[in-house]
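A short worksheet on the structure shown next.
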Amino acid sequence: SYVQFFEGKYDGIEKDIKAQMEECSANLEFEKAGALRDRLYALRAIRQNQRVYLDIERDVDAIGLYSDCGETCVRMLELRQGRIVGSSTYFFTGEEDEKEDILKNFIMQYYEDAPFIPPLILVPFKMEEDDLEVIEKTLTEQLGKNIVVQGGTFYNDAVLRAFETIAQCKAVRPD
């Protein structure tokens, strides 16, 4: 089903397609079985292309950030059960030295009315303790359960996609 697909629940979809394919073969509906086989291959290709570089099997948001020429791109990846199920890109005016303020403000605004906040939010660099404490406390109170914002020197997929997005926009848009 479409809902399962967008939730990243591919195992159930694959099982359903296999069952339909076997039924069609048993009923000598080979063209329909072939179409289902092609659909199964396409689903498997999608699964393989969803490379998640973080070895996690839980709900996480990964935020990447890249600044260039007075513009900052923030890229958000939503991982549910270790699979990328959503992504979004935001642009802000700001230099490299303003990236912590941009990230802090982004997190506070993004999750203010969010219908779901994962228990772990990954950011591309270690934030100031005071900022980290404010963000975690606010989100924990909002959700009613512990939220951890973890930063470090990891170079996650979100950072790479932020860089690619800003580079693509600069290539299309003259300065």
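The values are calculated or read from the model by the stated rules, or taken from the named source; none is laboratory data. Keep in mind the model is a prediction, meaning the values are calculated, not measured. With ideal geometry, Cβ positions are generated from the backbone for all residues, glycine too; neighbour counts draw on all protein chains shown.
Residue pairs whose Cβ atoms lie under 7 Å apart, separated by 6 or more positions or on different chains, with the first residue in segment 23-45 and under 19 Å from Asp11 (Cα atoms) and the second exposed (fewer than 14 other Cβ atoms within 10 Å of the Cβ), are Leu40/Lys18.
Residue-wise test of (1) modelled with pLDDT of 85 or more; (2) under 17 Å from Arg75 (Cβ atoms).
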| position | (1), (2) |
| --- | --- |
| Ile121 | yes, yes |
| Asp131 | yes, no |
| Val134 | yes, no |
| Gln142 | no, no |
| Asn156 | no, yes |
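Elements of the type helices (runs of 4 or more DSSP H) sitting completely within segment 1-116 and holding at least 2 residues that are closer than 26 Å to Glu129 by Cα and at pLDDT 85 or above: these cover 99-110. If you filter segment 86-124 down to residues that are in contact (Cβ under 8 Å) with a residue 60 or more places away in the chain and within 17 Å of Asp68 (Cβ to Cβ), you find that the one that is surrounded by the most Cβ atoms within 10 Å (Cβ to Cβ) is Pro124.
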